[in-house]
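Visitor: Before we start, here is the structure in question, set down as structure tokens.
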Amino acid sequence: MKKNVRALLTGGVVCLLVFGTIASYRYFTGGLDRLPDKVCSGAVDREIVTKALPSARDAQEGSRVKPPGGRFLFTCHVYTSGDSIMSGEVETTDVAHDTWASYYEGQADGNPVRTRKGPVHVLSVSENRASLYVPCTRAGKNPDATADSHGLIAESRTIGKTRATGEELRQAITDFAYFIMQRAFKLNKCREVEALPKDLSDAYSAAGTGG
């Protein structure tokens with residue numbers, strides 16, 4: 001199971017490095033404020049990105065989907081000419097919640113922040129990196145005694161300079177991961193959960209972080 005969690009991290013890094021050649025959708029613009037209202041094929045509000053990243057002369061955004069059937073993967077990125085990046089990915093896995101939590105806590109920089117909203121488990125690994133978990137047995141799979149080990153795992157992060165810091169940055173990165181998770185949740189028609197919360201806007205306030 002831990003091998004599967006590591007595969008998510010490896011897959012995210014690979015996607016980040018080669019995305020320019022394999023992206024199914026890319027958009028070049030005069031700056032972050034001229035990106036589409038919703039980036040990454042409509043999954044993420046542009047405002048989340050503009051809160052997190054500093055202004056830049058040029059920006060591009062893109063996404064890619066490896067559809068349900070095998071290992072589902074949805075990736076999303078925003079690059080700027082100032083070398084600031086916001087990216088994330090979400091995939092279906094056979095990793096149990098406890099394994100996910102243990103792995104990401106072991107990756108933490110300082111004290112990780114854990115919280116939950118409805119069925120969504122949130123772990124802020126560091127100020128600029130977060131991971132989310134929600135139970136998910138995909139449509140077409142028969143639930144069984146191990147159904148609680150099927151889930152969606154999302155991860156997002158920023159690289160380079162950021163506009164936001166502290167709790168504001170944690171929240172922006174969590175929101176980024178959550179909205180790509182919502183897209184994956186809809187495409188996979190997860191059996192355990194009928195619907196996800198509208199957003200996680202108060203995730204860290206509920207967790208009692210001080211920024």
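Visitor: Could you look at region 84-189 and say what percent of its accessible area is carbon and sulfur, using a 1.4 Å probe and all protein chains?
Guide: Details: 1820 of 4080 Å².
With neighbouring chains kept in place, the figure for region 84-189 is 45 percent.
Visitor: Determine the sum of side-chain charges near Q171: Lys and Arg each +1, Asp and Glu each -1, restricted to other residues whose C-beta is under 11 angstrom from that of Q171. Don't jump to the answer; show the numbers that get you there.
Guide: Details: positive: K51, R170; negative: E127, E167, E168, D175, D199, D202.
Taking every Cβ under 11 Å from that of Q171, the sum is -4.
Visitor: Also: Tell me the net charge near V90. Cut-off is 9 Å between Cβ atoms, V90 excluded, with +1 for each Lys or Arg and -1 for each Asp or Glu. List each step's numbers first, then the result.
Guide: Working: positive: R183; negative: E89, E91, E155.
Net charge in that neighbourhood comes out at -2.
Visitor: Which links in K161/K198; K51/K198; K38/K186; K117/K186; K51/K186; K38/K198 stretch past 23 Å when you go from one Cα to the other? It would help to have the intermediate numbers written out before the result.
Guide: Numbers: K161/K198 29 Å; K51/K198 19 Å; K38/K186 17 Å; K117/K186 18 Å; K51/K186 26 Å; K38/K198 16 Å.
The pairs that break the limit, which is 23 Å between Cα atoms, are K161/K198; K51/K186.
Visitor: Let's test the formula: R0 of 22 Å, r as the Cβ-Cβ distance of D98 and R71. What FRET efficiency results, to the nearest 0.05?
Guide: Values: r = 21 Å, r/R0 = 0.97.
Efficiency for this residue pair is about 0.55.
Visitor: Sticking with this structure for a sec: Could you please report the charge total around S124, scoring K, R as +1 and D, E as -1 over all other residues with beta-carbon less than 15 angstrom from its beta-carbon? If you can, show how the numbers build up before the last one.
Guide: On the way: positive: R114, R116, K117, R129, R157, R170; negative: E105, D109, E127, E155, E167, E168, D175, D202.
Every neighbour counted, the sum reads -2.
Visitor: How would you classify region 40-80 from its alpha-carbon gyration tensor, with a ≥ b ≥ c the square roots of the eigenvalues: rounded for a/c under 1.5, else prolate if a/b is greater than b/c, otherwise oblate?
Guide: Values: a/c = 3.56, a/b = 2.51, b/c = 1.42.
Prolate is the answer for region 40-80, as a/c is 1.5 or above and a/b outweighs b/c.
The values are calculated or read from the model by the stated rules, or taken from the named source; none is laboratory data. These figures come from a predicted structure and were not determined experimentally. Neighbour counts run over all protein chains shown; Cβ positions are idealised from the backbone, glycine included. Protein only, heavy atoms only, side chains kept; ligands, DNA and RNA dropped before computing areas. Shrake-Rupley method; radii C 1.70, N 1.55, O 1.52, S 1.80 Å.
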